[in-house]
Amino acid sequence: MVPPRTQVLFGAAYYHEYQPSPRLDIDLDLMTDAGFSVIRVGESVWTTWEPEDGRFDLDWLEPVLDGADQRGIGVVLGTPTYAAPPWLARRYPEIADRVKAFRTTQTRTVLKSPEAKGSIAGQTAAPRRRS
């Protein structure tokens, strides 16, 4: 069991899979110089993690984990659940309906389908009118 931290964590999301490989050491050194204590990795890349059903490929992530560890930077491993891979969408086409039902923005979720709007209509109070 990992002991609880007694400090505030400082860091950012880091998506090495979108950068050329030679940048990794430079990026990690810059993070160390900036005082990062943690990075978040692995989000939005389910297709990279599991290119085919049941076949996992995490070799691309190993250098990031090793490099962070060598510099004393902790890692939060994000789950890539919201970015479903094509093989999953082909096997379960109904998940596409759920993606179409909601469009997420940084500040709010905008309901797009009448069914989704109706499902929460009873859960929200009607706005009060001023007299």
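The values are calculated or read from the model by the stated rules, or taken from the named source; none is laboratory data. Just so we're clear, the structure is a prediction, and the values are computed from it rather than from any experiment. Positions of Cβ are backbone-derived with ideal geometry, glycine not excepted, and every protein chain shown enters the neighbour counts.
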Say we look at region 48-65 and pick out the residues that are assigned to a loop (DSSP other than H, G, I, E, B) and touching a residue at least 12 places away in the same chain (Cβ under 8 Å); which of these is nearest to residue 30 (Cα to Cα)? 61
If you check residue 88 against the conditions, is it in the same structural domain as residue 15 (by TED's automatic domain parsing) and free of Cβ contacts under 8 Å to residues at least 60 places away in the same chain? no
All conditions in (1) of a type in the set (A, V, I, L, M, F, W, C); (2) touching a Pro at 6+ places or on another chain (Cβ under 7 Å); (3) assigned to a loop (DSSP other than H, G, I, E, B) are true of residue 24 except (3)
Could you say whether any residue in region 41-58 is modelled with pLDDT under 95, small (Gly, Ala, Ser) and surrounded by 11 or more Cβ atoms within 10 Å (Cβ to Cβ)? yes
Scan region 1-40 for residues that are surrounded by 10 or more Cβ atoms within 10 Å (Cβ to Cβ) and of a type outside the set (A, V, I, L, M, F, W, C) and report the count. 15
Need at least 2 residues that are at pLDDT 90 or above and on the phi < 0 side of the Ramachandran plot per element, so show me which strands (runs of 3 or more DSSP E) inside region 66-118 make the cut, counting only ones lying wholly within it. 74-77
